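A.B. asks: Please find one structure pasted underneath; my questions will follow.
The values are calculated or read from the model by the stated rules, or taken from the named source; none is laboratory data. On a predicted model such as this, the values are computed, not experimentally measured, just so you know. Heads up, the Cβs are rebuilt from the backbone with ideal geometry, glycines too, and the neighbour counts pull from every protein chain shown.
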Amino acid sequence: MKSSITLDKYAPVGQIDERIYGSFIEHLGRAVYTGIYQPGHPSADENGFRQDVIDLINQLNVPIIRYPGGNFVSGFNWEDSIGPKDARPRRLDLAWQTIETNQFGLHEFMQWLDKVHAAPMMAVNLGTRGIDAARNLIEYTNFPKGSYYSDLRRQNGAEAPFNIKTWCLGNEMDGPWQIGHKDAVAYGKLADETAHAMRTVDDTIETVACGSSALTMPTFGSWESTVLDIAYDRVDYLSLHRYYGNQDNDTPNFLAQSLDLDDFISGVVAICDAIKARKHSKKTINLSLDEWNVWYHSNDHDAQDAKWQEHPHKLEDIYNFEDALLVGSMLITMLRHADRLKMACLAQLVNVIAPIMTDENGGAWAQSIFYPFMQVSTLGKGTVLTPIVKSGTYGTKEFAAVPYVDSVAVLNDAGDTVTVFAVNKSLDTPQEFTIAAGDFQFDQVTLSSQFAGYGLKETNEDGHMRLADNTSHYLADDGVHVTLAPASWNVFQIKVQ
Ligand code: AHR
C-alpha cells in the first residue's frame with residue numbers, strides 16, 4: 001500500500017505549547033507511595049524520592065504535572081498534607097476508598113518537581129470544599145509573606161513562595177461519581193467565584209475549568225456552554241478527559257479511536273468559540289486535555305479490591321504493544337490541534353495507568369507506551385505543519401473511514417529540521433510511505449526510527465522492547481521514501497532548507 005505526507009512550509013497549524021507533554025500524579029493506588037515516594041527503598045534519596053523513577057521520568061521530558069487529583073482532590077483537605085509528618089492525619093479517601101496517610105504532601109511534591117524538572121498544575125477541591133479553602137491554599141503557596149497562610153508556609157520550611165501558576169478548578173464535576181458532583185450552573189458559579197477569589201490573591205495565575213469528563217457524557221456540550229457562559233472571563237482553559245480501551249478485542253476499531261479524540265477536541269473548540277462569539281469577547285478559551293490514555297486492563301481486578309487499604313495496587317494497567325500504537329496516534333491527534341490544545345496530561349505517570357511501573361521490592365521499568373510518548377515529548381518541539389496525508393482507509397464497527405496511516409510533521413524553531421511522526425494501523429500490510437518535501441529542500445535524514453515487530457498483546461515487564469532503526473529509507477528528488485512496517489510507530493527527522 002502507498003501513503004504519503006506532504007509538507008506545507010507555509011501552512012502552520014500552530015506553535016506547540018510543550019505543556020501538552022504533561023502528566024499526572026494523583027494520590028491513588030501506588031502512584032505516590034511505593035511509586036515516586038518510598039523511604040527506605042535502595043534507590044530513595046534523603047527525601048524518600050525514588051531515584052530510579054526520577055531517572056525514567058526525566059527521560060520522558062514532562063514539563064508539567066497535575067496534582068493531587070483526579071477524583072481524590074474532591075475530598076482532600078490540603079492542610080492535612082503540610083507541617084510535621086508525624087502530626088498529619090490519616091484520612092479516609094472517599095474517592096478510591098483507601099487510607100491516605102498524608103506522608104507525602106504539598107512541600108514534598110514541590111521538592112520532587114525540582115528533581116523531575118516540571119511545573120505544578122495544582123487542583124483545588126470544589127467537591128467537599130470551595131472558595132474558602134482555595135483562597136487559603138493560594139495564599140499559602142503564592143503570597144510572599146506577612147499573612148497567616150504565607151507565614152505558615154515559611155514556618156514549614158519554604159521561605160520563598162511556590163508561585164504555582166496553573167490551577168484546575170476542581171475535577172470532573174460533571175461526573176455523578178465525583179464527591180460533591182454539581183450541575184453545570186452550580187459548578188459554573190462556583191468555578192467563577194473561586195477563580196475570582198484566587199485571582200484576587202495572585203492575578204498572574206491561569207485557571208482551568210472542568211469540561212466534560214468524556215465525550216460520552218449525556219451532558220457533553222450543554223455542560224461546556226453553561227459553564228463558560230457563567231465563568232468565561234475568569235477561566236483560561238477548559239478541560240477534557242478521554243480514556244480508551246479494547247474490551248472487545250477488536251484492534252482495528254481500538255486503533256481507530258484517535259478519530260474520536262479528534263472529534264472531541266474539535267467539538268470543544270467549537271463550543272468555546274460559539275460562546276466567545278455570543279459574548280462578543282476578544283478572549284479565546286484554549287483546551288487542557290488533562291487526562292488521557294488507554295485504561296481498561298485493570299478494571300476487573302479493581303472491582304474486587306478490598307476497601308480502606310493504604311496504597312493498594314489500583315489501576316495498574318499493564319500496557320501491550322497495540323496500546324503504544326494508540327497512544328502514538330493520540331499524540332499525533334493532539335499535535336494536529338496545537339493551535340488550541342495548550343496543555344495535556346498523560347494520565348497518569350507512575351503505577352496508575354502509567355508509562356512507568358515500580359516493584360516495591362525491586363526496580364522501575366518502562367511500559368510499551370513509554371516509547372512513543374518519550375519520542376514525541378523530546379522531538380515534537382516547534383511548529384506543527386498542516387498535515388496533508390494521503391492514505392487508504394478501512395472501516396470498523398464505529399468508524400467508517402479510518403486512514404491506515406496517521407501522521408503529522410513538526411518544524412523546529414531553528415527552521416532547519418522537520419520531524420515526522422507516523423503510525424501504520426494496518427495489522428498485516430506494510431506501507432510504502434513518502435514524505436514529500438513540498439517547498440522544503442531535503443538535505444539529509446538524521447533519524448529513522450521504528451517501534452515495530454512486537455505482538456499486539458506483547459508487554460514489556462522484562463524490558464525487552466526497544467526502538468529500532470528503520471534502514472529502508474532513501475532520499476529522492478520528490479522526498480524521503482520509507483517502508484512502514486505493519487502495526488508500527490515511526491519517527492523521522494530530516495534536515496531541511
Ligand atoms: O485518572 C484516574 C481517574 O480518572 C481520575 O481520578 C479521574 O479524574 C478520572 O475519572
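A.B. asks: Here are Gly14, Gly83: which of them is at pLDDT 95 or above and part of a strand (DSSP E or B)?
C.D. replies: Gly14
A.B. asks: Considering only residues that are crowded, with 17+ Cβ neighbours inside 10 Å, of a type in the set (S, T, N, Q) and under 21 Å from Lys2 (Cβ atoms), which ones fall in region 387-410?
C.D. replies: Ser391, Ser407
A.B. asks: Given the conditions (1) touching a residue at least 60 places away in the same chain (Cβ under 8 Å); (2) within 16 Å of the ligand (Cβ to nearest atom), and given that Val235 satisfies all but one, which numbered condition is not satisfied?
C.D. replies: It fails just one condition, (2).
A.B. asks: Look at region 280-310 and say how many of its residues are touching a residue at least 24 places away in the same chain (Cβ under 8 Å) and among the basic types (Lys, Arg).
C.D. replies: Going through region 280-310 one residue at a time, the tally reaches 2.
A.B. asks: Return only the number of the condition from (1) within 20 Å of the chain's Cα centre (by Cα); (2) more than 30 Å from Asp478 (Cα to Cα); (3) away from the ligand (no atom under 16 Å from the Cβ) that Gly14 does not satisfy.
C.D. replies: Failing condition for Gly14: (2).
A.B. asks: Return yes or no: is His313 in the same structural domain as Gly40 (by TED's automatic domain parsing), touching a residue at least 40 places away in the same chain (Cβ under 8 Å), within 16 Å of the ligand (Cβ to nearest atom) and surrounded by fewer than 23 Cβ atoms within 10 Å (Cβ to Cβ)?
C.D. replies: Yes, satisfied.
A.B. asks: Same structure, new question: Considering only region 21-62, how many residues are part of a loop (DSSP other than H, G, I, E, B) and of a type in the set (D, E, K, R)?
C.D. replies: 4
A.B. asks: What are the pairs with Cβ atoms under 7 angstrom where one residue, in region 65-88, is touching a residue at least 40 places away in the same chain (Cβ under 8 Å) and the other, located anywhere, is in a loop (DSSP other than H, G, I, E, B) and away from the ligand (no atom under 16 Å from the Cβ)? Sequence gap at least six, or different chains.
C.D. replies: Filtered contacts from region 65-88: Ile65/Ala118; Ile82/Gly105; Ile82/Asn156; Gly83/Asn156.
Every residue, every condition in (1) touching a Lys or Arg at 6+ places or on another chain (Cβ under 7 Å); (2) modelled with pLDDT under 95; (3) more than 17 Å from Tyr244 (Cβ to Cβ), yes or no:
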site	(1), (2), (3)
Ala347	no, no, no
Ala354	no, no, no
Phe370	no, no, yes
Met374	no, no, yes
Thr386	no, yes, yes
Ser391	no, no, yes
Ala401	no, no, yes
Ser407	no, no, yes
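A.B. asks: Here's something else I'd like to know. Kindly list the number of the only condition in (1) away from the ligand (no atom under 16 Å from the Cβ); (2) of a type in the set (D, E, K, R); (3) touching a strand residue (DSSP E or B) at 6+ places or on another chain (Cβ under 6 Å) that fails for Glu79.
C.D. replies: (3)
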